[in-house]
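**Q** Let me give you the structure first, and then I'll get to my questions.
The values are calculated or read from the model by the stated rules, or taken from the named source; none is laboratory data. Bear in mind that the values here come from a model prediction, so they are computed numbers and not experimental data. Cβ atoms come from the backbone with ideal geometry, glycine included; neighbour counts cover every protein chain shown. Remember, those area values only see protein heavy atoms, side chains included, never the ligands or the DNA or RNA. Shrake-Rupley method; radii C 1.70, N 1.55, O 1.52, S 1.80 Å.
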Amino acid sequence: LLGDKMFGCECFCWHKHTDHQYPLPQPQPFFLPSPIPEWPLGQGFGTGKINLGELEVVKITEFERPLRGYVLVARERVASSTEVYCDYDSDIDFPALRKPVNYSLIWSTDCGSGCGFFWLPNPPLGYKAMGILVTDTPDEPDVEEVRCVREDLTETCEIMDTILATDANTFQLEIACLKNLDPSLHAMPNLDQIHALIKHYCATVFFHPNEDCMPSSVQWFFKNGALLYKDGKVNGEPIEYLGSNLPSGGTNDGAFWIDLPRDDNARKNVRNESLESAELYVHVKPGLGGTFTDIVMWIFCPFNGPANLKIELMNIQMNKIGQHVGDWEHFTLRISNFTGELWQVYFSQHSGGEWVDAFNLEFIEGNKPIVYSSKHGHASFPHPGIYLQGKYFVDSSTRYQIVAAEYLGGVVTEPCWLQYMREWGPTIVYDSRSKLDKIISLLPLFVRFSMENIFDLFPTELYGEEGPTGPKEKDNWVGDERS
């Protein structure tokens, strides 16, 4: 890329192994199982560059040695360029990029097979360094190698991993990152491109072969007898097919909740016979400052079954513990806006989860990752483990509904039920300690005492039922996905 340049990366990790006398194996380049298609026409999505306001950046992924990662290369935006997608006017007369004054050697090592020297650029006043340089010689790098970025074009990085770890100590550096000052988010996909991304990348979700709490569509749940209850009233009110009679907005104040139908046969039907109706609900939003697109896939189950406790070779059904009406789980596909390549998938596991890089995923039918859903709890996992691949599955690339994409400015109409901020199940308290005591009595003597202590630490939700709130009430609806 011509013009001024600077380097930055999402994270850098270095580990020193003093007992290793041979060169470490080089990482092998990774390619998705199938070629990336040509996406429908749009603005800046998949064009290889992103405009951040005064800066324009491209992503470099090809290196002299294999590397799983990328480096951003930037230049000042040319105001007269026909490829400018928005106007950004700065009141500051200083250039966006300037050379560092010099460098500080912050760490060095001799690994036996080679040396490494870590240099932090010292920026001019009013500018920030975007990363560190690593060389294999003790000579200070030339100041022409990188550029520092004007402070108002940067923001503080959130450290995702250890920058440097040694046998003696660990320390972190405060490195700035680029700020996206383009309000139009031109690199995000349009609606046609979103549909193309979903059809190409979205996962097949496999359920446990013994699963008896299947997912459904929200509309099927309403149509098959779900009831809306109001605090102070004994009887529930049938919910309209589209959820139009659900209270919208506000907060989860306990004034309303949803429950299964009262008839026993109808309740059983809603719990077990809903898979054919199941579809995933899609929320599309910017990720990491608009350099990625996060496609969040929400899956609804009318019922969350009781937990299973696995201790060594024992698999104990926990009766009522952990069960509740209504269950919302999700996974998130993170796609590069530079290239349209699937980069990572986030697997939600109740209150937590994990990011998994594309090269560690299992794929089916081209570039569609596999998601394994745990029995009863419906947490998502990248590999089967004890969450066996069963005969029950949902292909989210064909069975989906886009329910929100706020950055498109009203192009997507949000359904009525998405505005319901209260609980999708009742709160019921019951005595579970007697059940837990029976479980403890079945355990080997050498684990009983420790299990008693563990059970004493169980959250109160395990001693009753409490329905979850819907997707829009979750803490990850706005902003980046959980780390």
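**Q** Show the residue pairs meeting these rules: Cβ distance below 7 Å; 6+ apart or different chains; first residue within the range 108-135 and in the same structural domain as Val149 (by the TED database); second residue basic (Lys, Arg) and modelled with pLDDT of 95 or more.
**A** Here the result reads Pro124/Arg98; Gly126/Arg150; Tyr127/Arg98; Tyr127/Arg150, each pair linking the range 108-135 to a residue that is basic (Lys, Arg) and modelled with pLDDT of 95 or more.
**Q** Do we have Tyr346 as modelled with pLDDT of 95 or more and either closer than 20 Å to Glu279 by Cα or β-branched (Val, Ile, Thr) (or both) here?
**A** So Tyr346 passes the test.
**Q** Given the conditions (1) open to solvent by less than 30 Å² (accessible area, probe 1.4 Å); (2) at pLDDT 90 or above; (3) within 30 Å of Met188 (Cβ to Cβ); (4) not basic (Lys, Arg), and given that Gly69 satisfies all but one, which numbered condition is not satisfied?
**A** Condition (2) is where Gly69 drops out.
**Q** Sticking with this one: Yes or no: Gln43 in a loop (DSSP other than H, G, I, E, B), open to solvent by 50 Å² or more (accessible area, probe 1.4 Å) and at pLDDT 90 or above?
**A** Judged against the criteria, Gln43 is a match.
**Q** Which one is nearest to Ile335 (Cα to Cα), of the residues in the range 361-377 that are in contact (Cβ under 8 Å) with a residue 24 or more places away in the chain, open to solvent by less than 30 Å² (accessible area, probe 1.4 Å) and part of a loop (DSSP other than H, G, I, E, B)?
**A** Per the stated criteria, the residue is Asn367.
**Q** Please specify each residue of the range 228-257 satisfying the condition of being closer than 21 Å to Asn304 by Cα, touching a strand residue (DSSP E or B) at 6+ places or on another chain (Cβ under 6 Å) and in contact (Cβ under 8 Å) with a residue 60 or more places away in the chain.
**A** Tyr229, Asn252, Phe256, Trp257
**Q** Hey, another quick one. Mind telling me which of the residues Ser184, Ser216 ends up being surrounded by fewer than 18 Cβ atoms within 10 Å (Cβ to Cβ) and of a type outside the set (A, V, I, L, M)?
**A** Unique residue meeting the criteria: Ser184.
**Q** Okay, moving on. Could you say whether any residue in the range 412-427 is outside any loop (DSSP other than H, G, I, E, B), modelled with pLDDT under 95 and open to solvent by 10 Å² or more (accessible area, probe 1.4 Å)?
**A** Taking every residue of the range 412-427 in turn, at least one turns out to be outside any loop (DSSP other than H, G, I, E, B), modelled with pLDDT under 95 and open to solvent by 10 Å² or more (accessible area, probe 1.4 Å).
**Q** Name the residue that is modelled with the lowest pLDDT, counting only residues in the range 95-153 that are among the hydroxyl-bearing types (Ser, Thr, Tyr) and open to solvent by less than 60 Å² (accessible area, probe 1.4 Å).
**A** Thr109
**Q** For Gln193, are the conditions met, namely being open to solvent by less than 70 Å² (accessible area, probe 1.4 Å) and touching a Pro at 6+ places or on another chain (Cβ under 7 Å)?
**A** It is true that Gln193 is open to solvent by less than 70 Å² (accessible area, probe 1.4 Å) and touching a Pro at 6+ places or on another chain (Cβ under 7 Å).
**Q** Then there is this: Sort through Gly254, Gly289 and tell me the only one that's open to solvent by less than 60 Å² (accessible area, probe 1.4 Å) and within 30 Å of Glu155 (Cβ to Cβ).
**A** Gly289
**Q** Can Lys199 be described as under 20 Å from Thr293 (Cα atoms), basic (Lys, Arg), modelled with pLDDT of 95 or more and open to solvent by 40 Å² or more (accessible area, probe 1.4 Å)?
**A** Against the criterion (under 20 Å from Thr293 (Cα atoms), basic (Lys, Arg), modelled with pLDDT of 95 or more and open to solvent by 40 Å² or more (accessible area, probe 1.4 Å)), Lys199 qualifies.
**Q** Name every residue in the range 365-376 that is at pLDDT 95 or above and within 26 Å of Asn272 (Cβ to Cβ), in order of residue number.
**A** Listed by number, the residues that qualify are Ile370, Val371.
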